[in-house]
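*Asks:* Structure provided below as structure tokens; questions to follow.
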Amino acid sequence: MTQAGSRSVGDRIVHKTFAPIMRHTLALYCGASGDHNPIHVDLDFAKKAGFPDVFSHGMLVMAYLGQALTDAVAPKNVRAFSTRFAAITQLGARLTCEGHVTELLDHNGEPCMKITLAAKDETGEAKLLGEAIVAR
Amino acid sequence: MVDRSAIGRSFTPVTAHVEPGRLRYFCEAIGERSPVYRDAQAARVEGYPAIPVPPTYLFCLEMMDAENPFEFLTELDIDLARVLHGEQGFTYHVPAVVGDTLTFRSRVTDVTEKKGGAMTLIAVVTEVMRQDGVHLADMTRTIVVRNPKAAST
């Protein structure tokens, strides 16, 4: 087995669940993030754009995924972090963020691990799929 | 509709300050409780000169301090209501901490059509520089534009 300290390929090292995303959550994130796109907080705007309701900022879900990540590894060791927004995250979603070590690698000459990340809602639907490169 | 002629377009650089109050508000909004992001002493113990920012906060800083946070959409004549975020990436060279002044320079690196023109994907790269000239980070994002249905389809 490939090992790095106590981290091995296949280990689930990131795991965190979050409270349901409420309208209030989106209002606070709108103000705090600088992303004032009304589609996330203004029902009239969202409906006019063809959506049944407001929905989460993708970057709020990425912030949760980042939080789950840096609960598990030291923030200063994170070299890269990326995600694909696979599906819209609806109001009320209860997210679980998980990450598994999928590779031990050298990144710019530094021993690192690749952590494959996912944020899923309570039905198991993947909302964000991503990865992080973390020094080990 | 945006086409490949937009590749290479750059936008007004944004200078943003990492302010403790705004960072605290962001941590509250996302439920971030880790002491390293909230307490200067805890941050120093971890080796930071001041409180560092959470992994996605650079994206927010650029929008917060932009004169027009949706400049690249208005410049490219894209309706905000038709935009979704497709992908987002960060490469970190040096941690950003409270007290930093950062300059963000964004440019379009790719434009591709998908699903027979139903969607346009726009890739934007943003270089983040610190006040002392240190190249702090890079961001990449893909914006998905849902195009109006063509009359012929």
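*Asks:* Select from region A:28-59 the residues that are assigned to a helix (DSSP H, G or I) and within 16 Å of B:M63 (Cβ to Cβ) and list them in ascending order.
*Replies:* Residues satisfying the conditions are A:L28, A:Y29, A:C30, A:G31, A:A32, A:S33, A:P38, A:I39, A:H40, A:G58, A:M59.
*Asks:* Scan region B:28-55 for residues that are assigned to a helix (DSSP H, G or I), within 14 Å of B:V98 (Cα to Cα) and either at the interface with chain A (Cβ under 7 Å from one of its Cβ atoms) or under 18 Å from the mean Cα position of the chain (by Cα) (or both) and jot them down.
*Replies:* The answer is B:V36, and nothing else.
*Asks:* Mind checking which residues of region B:74-107 are touching a residue at least 12 places away in the same chain (Cβ under 8 Å) and of a type in the set (A, V, I, L, M)?
*Replies:* Result: B:L76, B:I78, B:V83, B:L84, B:V94, B:A96, B:V97, B:V98, B:L102.
Okay, residues lined up against (1) touching a residue at least 12 places away in the same chain (Cβ under 8 Å); (2) of a type in the set (F, W, Y); (3) closer than 17 Å to B:V94 by Cβ:
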| residue | (1), (2), (3) |
| --- | --- |
| B:S10 | yes, no, no |
| B:E32 | yes, no, no |
| B:A42 | no, no, no |
| B:P54 | yes, no, yes |
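*Asks:* Suppose we keep only residues that are free of Cβ contacts under 8 Å to residues at least 60 places away in the same chain and under 18 Å from A:I13 (Cβ atoms) within region A:83-112. Which one would you say is nearest to the chain's Cα centre (by Cα)?
*Replies:* A:T83
*Asks:* Here's a follow-up. Quick one: would you say B:E62 is among the acidic types (D, E) and either more than 10 Å from chain A (Cβ to nearest Cβ) or free of Cβ contacts under 8 Å to residues at least 12 places away in the same chain (or both)?
*Replies:* Judged against the criteria, B:E62 is not a match.
*Asks:* Restricting the search to region B:1-27, which residues are surrounded by 14 or more Cβ atoms within 10 Å (Cβ to Cβ) and within 13 Å of chain A (Cβ to nearest Cβ)?
*Replies:* If the condition is that a residue be surrounded by 14 or more Cβ atoms within 10 Å (Cβ to Cβ) and within 13 Å of chain A (Cβ to nearest Cβ), then B:V14, B:A16, B:H17, B:V18, B:E19, B:R22, B:L23, B:R24, B:Y25, B:F26, B:C27 are the ones that fit.
*Asks:* Next up: Is it fair to say B:R130 is away from every other protein chain (no Cβ under 14 Å), basic (K, R) and in contact with a strand residue (DSSP E or B) (Cβ under 6 Å, 6 or more places away or on another chain)?
*Replies:* yes
*Asks:* Within region B:65-100, take every residue that is within 7 Å of chain A (Cβ to nearest Cβ) and over 18 Å from A:I39 (Cβ atoms) and give me the one that is surrounded by the fewest Cβ atoms within 10 Å (Cβ to Cβ).
*Replies:* It comes out as B:T91.
*Asks:* Same structure again: When you check A:K76 against the structure, is it in a helix (DSSP H, G or I), more than 17 Å from B:G31 (Cα to Cα) and at the interface with chain B (Cβ under 7 Å from one of its Cβ atoms), yes or no?
*Replies:* Criteria met by A:K76.
*Asks:* Sticking with this one: Consider only pairs whose beta carbons are under 8 Å apart and that are at least six residues apart or on different chains; among these, list those whose first residue lies in region B:112-125 and is aromatic (F, W, Y) and whose second residue is in a helix (DSSP H, G or I) and buried (at least 16 other Cβ atoms within 10 Å of the Cβ).
*Replies:* The qualifying pairs do not exist here.
*Asks:* What's the total number of residues in region B:37-51 that are crowded, with 21+ Cβ neighbours inside 10 Å and in contact with an Asp or Glu (Cβ under 8 Å, 6 or more places away or on another chain)?
*Replies:* Summing the residues that are crowded, with 21+ Cβ neighbours inside 10 Å and in contact with an Asp or Glu (Cβ under 8 Å, 6 or more places away or on another chain) in region B:37-51 gives 1.
Rule-based calculations on the coordinates, nothing more; no lab input. Keep in mind that this is a model prediction, so the values were computed, not measured. Quick reminder, even Gly has a Cβ in these numbers, built from the backbone with ideal geometry, and neighbours come from all protein chains shown.
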